[in-house]
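Step one of this worksheet: look at the structure below.
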Amino acid sequence: AQRVTQPEKLLSVFKGAPVELKCNYSYSGSPELFWYVQYSRQRLQLLLRHISRESIKGFTADLNKGETSFHLKKPFAQEEDSAMYYCAAQGGSEKLVFGKGTKLTVNP
Amino acid sequence: DGGITQSPKYLFRKEGQNVTLSCEQNLNHDAMYWYRQDPGQGLRLIYYSQIVNDFQKGDIAEGYSVSREKKESFPLTVTSAQKNPTAFYLCASRPLTPNNEQFFGPGTRLTVL
């Protein structure tokens, strides 16, 4: 079955510390992978996707096919990074499968 | 940001009543989706539609129904058969070209009294 796992429900770091949000996937074939973010009182929105290989707001995500992981990283967390983060995968079925989310809190 | 609207923002319903949540998009997207968001559960797909007059069940379709009579509209009805309807409901749309992102609406919070 297609599955996206985010092992941490909650993650708390201090401002300026590195942060890594973990994501593992179980998928047949080679899915496309995404990170979505939901800031307080805002819509869920795309943060970045694997195919673009870009860095958004200082975040990057590396696809490791051997470990089937797509962890999200930022070297120096900021308070405005506090939000709910969802990892998602999409295969040929057109359906996007989401993980259960990680709530990141960046403390001053 | 705009392009997808959901109404109402908050909705209260008595047990045993059906209620319809609105989702409209002016992005000319072919595909539309309904998700349910519960704390600790992430987003779970209820129904989706890739073309007018056609839709498919998602992972948790029981107790819900949809219609897609127009490209821009994809209303969701929460029926009295849905055992635990209190939740935050998100609508999304996307074009059908490969690997395009989904755009989300602001959501509707449904509370069953």
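The values are calculated or read from the model by the stated rules, or taken from the named source; none is laboratory data. Computed from a prediction, not measured in an experiment: that's the story for all the values here. Virtual Cβ from ideal backbone geometry, glycine too; neighbours counted across all protein chains shown.
The table that follows gives values for the structure above.
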item: Residue within the range A:16-31 that is on the phi < 0 side of the Ramachandran plot, within 13 Å of another protein chain (Cβ to nearest Cβ) and out of contact with any Phe, Trp or Tyr (no Cβ under 9 Å at 6 or more places or on another chain) present; result: yes
item: Restricting the range A:61-72 to residues that are in a strand (DSSP E or B) and surrounded by 15 or more Cβ atoms within 10 Å (Cβ to Cβ), the residue that is modelled with the lowest pLDDT; result: A:Leu63
item: Subset of the range A:34-46 [facing chain B (nearest Cβ under 10 Å) and within 9 Å of the chain's Cα centre (by Cα)]; result: A:Phe34, A:Tyr36
item: So B:Glu15, is it over 15 Å from the mean Cα position of the chain (by Cα), within 12 Å of chain A (Cβ to nearest Cβ) and among the acidic types (Asp, Glu); result: no
item: Matching entry among B:Asp30, B:Asp38 (being within 11 Å of another protein chain (Cβ to nearest Cβ) and over 14 Å from B:Pro85 (Cα atoms)); result: B:Asp30
item: All strands (runs of 3 or more DSSP E) inside the range B:65-113 with 1 or more residues being hydroxyl-bearing (Ser, Thr, Tyr), more than 15 Å from the chain's Cα centre (by Cα) and within 12 Å of chain A (Cβ to nearest Cβ); result: none
item: Members of the range B:38-64 found to be among the small types (Gly, Ala, Ser), in a loop (DSSP other than H, G, I, E, B) and surrounded by 14 or more Cβ atoms within 10 Å (Cβ to Cβ), listed by number; result: B:Gly58, B:Ala61, B:Gly63
item: Residue satisfying condition, being basic (Lys, Arg) and under 27 Å from B:Leu96 (Cα atoms), within set A:Lys74, A:Lys100; result: A:Lys100
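Yes or no, residue by residue, for (1) at pLDDT below 95; (2) surrounded by fewer than 20 Cβ atoms within 10 Å (Cβ to Cβ):
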| residue | (1), (2) |
| --- | --- |
| B:Ser7 | yes, yes |
| B:Leu27 | yes, yes |
| B:Asp30 | yes, yes |
| B:Arg36 | no, no |
| B:Ser73 | no, yes |
| B:Asn84 | yes, yes |
| B:Arg94 | yes, no |
| B:Asn100 | yes, yes |
| B:Thr108 | no, no |
